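Below is one structure, written out as structure tokens; the observations come after it.
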Amino acid sequence: MNDFPAPAFAPVPGRLGPDPDLHAALLAARDASGWLRFDAFMQQALYHPQAGYYTRSSPKLGERPESGSDFVTAPELTPLFGHTLAAQVTELLQASGTQTVLELGAGSGALAEALLDVLPPHVAYRILDVSPSLRGRQAQRLARFGERVQWLEALPESFEGVILGNELLDAVPVRVVVRSVDDEPAWRERGAVWDDTANAWQWQDRPLDRALLAAQDARCAGLLDEIAPQLPPGYTSEIHPQGQALVGTLAARLKRGAMLWLDYGFEERTYYHPQRATGTLMCHRAHRADDQPLAEPGEKDITAHVNFTGVALAAQDAGLDVLGYTSQGRFLINCGLPQRLAELPQATAQERVASARTTANAHKLWAEHEMGELFKVLLLGRGLDATRHWLGFAQGDRTGALG
Ligand SMILES: C[S@@+](CC[C@H](N)C(=O)[O-])C[C@H]1O[C@@H](n2cnc3c(N)ncnc32)[C@H](O)[C@@H]1O
């Protein structure tokens with residue numbers, strides 16, 4: 001996402017308060033003491049069956065706020081993103097001898113459309129998306145590809161091909177942890193309580209149950225033990241057991257082929273750098289960002305940056321190899337985006353205007369101060385040559401930084 005960094009919201013016209021069903025679900029999800037762990041709050045706010053942000057029928061993705069959208073993603077900026085990504089997908093399909101792409105979280109269908117336009121016609125496309133309204137939008141947009149596109153209701157039990165996720169992992173609920181003032185226990189966990197007087201959700205931290213976390217996710221518990229000594233009291237960040245479990249499950253079910261994850265985030269040592277002391281939680285509405293995830297649940301997107309080391313380790317645990325890791329800018333340049341831009345038709349005045357706009361948007365994708373450096377691309381594979389220089393990672397591969 002690429003937002004104007006300005007907070008402050010006007011109330012949504014016509015909306016008098018929180019959705020009553022979502023509010024009731026949030027209250028019901030609290031524990032006996034009235035506390036709601038943040039990942040459970042985020043789960044309801046984004047995915048409540050009727051009123052969650054991703055379940056509601058609001059536009060969400062689009063290039064500009066005038067469309068009623070909240071944020072823009074790379075495929076929304078220009079189809080050249082998908083056309084360029086297709087070069088890497090084609091290399092992976094050929095090398096694995098497979099012919100199916102599975103996209104997780106396909107948004108408006110923009111990436112699918114761009115890929116299908118340039119992938120050979122025998123390549124089948126599968127989409128898994130939790131949002132009924134976005135599935136409807138995808139179906140409309142992709143109708144011209146007929147039977148090549150099909151929607152899955154759940155993760156496949158077994159899959160051969162290329163799995164893609166662009167800005168999917170940042171929307172998976174995270175747990176928020178806070179370094180304790182005292183050393184015992186080393187961490188507290190952030191949750192929310194409903195304050196009747198203020199008529200609002202408020203943060204409340206509780207001691208982290210380390211034994212329980214270790215039983216649920218030993219790696220996340222080990223990570224917190226490892227980083228605690230270097231971090232100051234009050235240091236706040238996120239852990240991603242749910243996102244990493246999703247990657248682990250998909251990795252286990254990927255029998256042959258590859259996975260490509262594109263998103264904003266860092267490798268672990270940068271993610272948990274002592275200076276990144278307030279975490280990465282961010283909300284998006286009307287192309288503006290704010291850092292108040294407890295306010296107006298269901299009305300805005302809530303995201304956290306991705307810990308790419310955790311993603312890579314989850315996939316490795318399931319037997320996949322890391323085939324490449326780099327910045328989005330480097331990846332797109334390696335895959336030939338500048339050449340594609342140079343080939344845009346310029347014969348007529350109309351073409352020159354279109355080309356200037358595409359060029360400006362394409363620069364956002366690779367410019368370091370826009371999406372080029374913050375966004376990363378991670379390639380994982382099973383049964384593929386781990387020593388090969390895969391197209392998008394041929395120069396500037398940073399796999400070593402993941403460790
Ligand atoms: C930020 S949007 C990105 C959309 C698209 N990939 C793009 O780049 O334009 C996140 C997408 O992931 C979907 N989504 C979120 N969580 C999901 C999950 N657990 N499984 C499948 N789709 C999910 C949302 O409905 C939405 O389509």
Inset, instruction - Would you point out the residue of the stretch 101-142, among those that are among the β-branched types (V, I, T) and either open to solvent by 30 Å² or more (accessible area, probe 1.4 Å) or in a helix (DSSP H, G or I) (or both), that is nearest to the ligand (Cβ to nearest atom)? - result: V130
Inset, instruction - Hand me the list of strands (runs of 3 or more DSSP E) wholly inside the stretch 152-230 holding 3 or more residues that are surrounded by 19 or more Cβ atoms within 10 Å (Cβ to Cβ) and within 16 Å of the ligand (Cβ to nearest atom). - result: 159-166
Inset, instruction - Take T90 and decide whether it is without any contact (Cβ under 8 Å) to a residue 40 or more places away in the chain, open to solvent by 10 Å² or more (accessible area, probe 1.4 Å) and of a type in the set (S, T, Y). - result: yes
Legend entry - Residue within the stretch 302-311 that is modelled with pLDDT of 95 or more and over 22 Å from M259 (Cβ atoms) present: yes
Inset, instruction - From the list V353, V306, pick out the single residue that is touching a residue at least 60 places away in the same chain (Cβ under 8 Å) and aliphatic (A, V, I, L, M). - result: V306
Inset, instruction - Name the residue, out of G324, G298, G372, that is surrounded by fewer than 24 Cβ atoms within 10 Å (Cβ to Cβ) and either more than 26 Å from E226 (Cα to Cα) or touching a Leu at 6+ places or on another chain (Cβ under 9 Å) (or both). - result: G372
Legend entry - In the stretch 26-56, the residues that are assigned to a loop (DSSP other than H, G, I, E, B), open to solvent by 40 Å² or more (accessible area, probe 1.4 Å) and within 12 Å of the ligand (Cβ to nearest atom): R56
Legend entry - Any hit, the stretch 78-85, residues being open to solvent by 40 Å² or more (accessible area, probe 1.4 Å), out of contact with any Pro (no Cβ under 7 Å at 6 or more places or on another chain), more than 15 Å from the ligand (Cβ to nearest atom) and within 20 Å of L142 (Cα to Cα): no
Legend entry - Among the candidates E343, E351, residue that is touching a Pro at 6+ places or on another chain (Cβ under 6 Å), modelled with pLDDT under 95 and either open to solvent by less than 50 Å² (accessible area, probe 1.4 Å) or of a type outside the set (S, T, N, Q) (or both): E351
Inset, instruction - Scan the stretch 313-332 for residues that are within 30 Å of A362 (Cβ to Cβ), part of a helix (DSSP H, G or I) and touching a residue at least 60 places away in the same chain (Cβ under 8 Å) and jot them down. - result: A315, Q328, R330, F331, L332
Legend entry - Answer from M282, M259 - the residue that is hydrophobic (A, V, I, L, M, F, W, C) and open to solvent by 10 Å² or more (accessible area, probe 1.4 Å): M282
Legend entry - Any chance A245 is surrounded by fewer than 20 Cβ atoms within 10 Å (Cβ to Cβ), free of Cβ contacts under 8 Å to residues at least 12 places away in the same chain and within 25 Å of the chain's Cα centre (by Cα): no
Legend entry - Long-range neighbours under 9 Å by Cβ, at least six apart or interchain, first residue more than 22 Å from P297 (Cα to Cα) within the stretch 58-79, second open to solvent by less than 10 Å² (accessible area, probe 1.4 Å) and aromatic (F, W, Y): A74/F81; A74/F375; P75/F81
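The values are calculated or read from the model by the stated rules, or taken from the named source; none is laboratory data. Worth saying up front: this structure is predicted, and the values here are computed from it rather than measured. Glycine gets a Cβ as well: all are built from the backbone with ideal geometry, and neighbour counts include every protein chain shown. When the accessible area is computed, the model is the full protein with side chains, heavy atoms only, and any ligands, DNA or RNA have been set aside. Shrake-Rupley method; radii C 1.70, N 1.55, O 1.52, S 1.80 Å.
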